[in-house]
Amino acid sequence: MIKGTTKLIKWENLRMVIISNCTQSAITDAAKSLVSGNLVAFPTETVYGLGADASNESAVNKIYKAKGRPADHPLIVHISNINLLDKWAKDVPEYAIKLARSFWPGPMTLILPRTALVKDFVTGGQDNVGIRIPNQTLALALLSEFEKQGGAGVAAPSANRFGAVSPTTAGAVEAELAAYLSGDDQILDGGACDVGVESTIIDCTGSTPIILRPGAITAQMIFAATDLEPATTNNLDIKASGLLESHYSPLAKVILDRTPERGDGFIALSNIKTPEGVIRLASPKNNEEYAKVLYQALRNADSQQIKTVHAHLPVGSDIAVAIRDRLTKSANK
Ligand code: TXA
Ligand code: MG
């Protein structure tokens, strides 16, 4: 049976597999591999995730090892269907149900009180769990096949080394993690991610929603769905690596809203002219496109060994909020 195109990566003694043009049989194999305790990197509409069976401690530990991520930073559990929410979360407030109904599948993670199914090795010991239903065909097919095979949910952080830029293509996952994955692990190639920045994280453990990380689901959208004005926080007591002030960092130094010098990289909307002698890394036409190309542009700077990247912060209260958040953290190195 044809299983899609398979590419073997030889990295010293390791042989990790990238699978493109995924067929149902490739997806079934990948789900089986997750059930067996291996890692599968997969596309979502936001960024690529590095997945493991969220109920299997040794599998989840492999994620932390591959990413080089501190063990007390919690992971998001991905499910295919809103009916599975009760397995993982309890005391779900009414407004969270409205959010789930409005925006799932989609680029939104809800933080909710956890059930007994959720173990400390997923939440880093916190009483809450992050849950998401991604809106990406391959991701949903993998998750539902995994559930069909008896799995309950897939823990998946972004598929990058800790503190680095999230990958938005399978090639970027390979560049980040090939050296840290084993011969039994896989990368599923589903092309470039549509949104390009990570999901909006909403803390739903109190009486009103709090945005912990901005994303494509904006404050206005949350208000429209719930009639509640969401708060935002920079509370660093919450152990969320995406909330750390320095994160999403390329090797290059990122400078915001200043004048670049000759040989510097430059990222800005297409209506902003490229200064003389500067290397244009991206010219997105609007904020959505800006989000989509941002991480690849930062990666391209590193592969061209550009030392300094200047970025123009986009204005607006749409996905521009998320872009400003990520760029500000990239610049905070
Ligand atoms: O778009 C996304 O959310 C991607 C895709 C793969 O789904 N995932 C992602 O995961 O960005 P990660 O681990 O790279 O970022 C998730 C953030 C982290 O900062 C993590 O600490 C935080 O969510 N988080 C997870 N569970 C949490 C919890 N129970 N309480 C507070 N923060 C939590
Ligand atoms: Mg991440």
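Any read-out appearing in this document is the output of simple, stated calculations on the displayed coordinates, not a laboratory observation. For clarity, every value in this text was computed on a predicted model and none was experimentally measured. Glycine also receives a Cβ, built like all others from the backbone with ideal geometry; neighbour counts cover every protein chain displayed.
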Under-5 Å amide H pairs with ARG213, H placed in peptide plane, nonlocal only: ILE201
For MET16, distant residues with modelled amide H under 5 Å away: ILE9, TRP11
From the helices alone, meaning DSSP H stretches of at least four residues, give me the mean residue ellipticity at 222 nm for the chain, per-run term -39500 (n - 2.57), in deg cm²/dmol to the nearest 500. -8500 deg cm²/dmol
Would you grab the residues whose amide H sits under 5 Å from the one on THR23? Only those 5+ places off in sequence or on another chain, please, with H modelled 1.01 Å from N. GLY4
HN-Hα J in Hz across region 143-148 - Karplus 6.51, -1.76, 1.60, θ = phi - 60°, x for Gly and Pro: 5, 6, 5, 4, 5, 4
How do SER36, SER166 line up, fewest other C-beta atoms within 10 Å first? SER36, SER166
When a/c reaches 1.5 or more, the comparison of a/b and b/c decides; with that in mind, is the chain rounded, prolate or oblate per its Cα gyration tensor? oblate
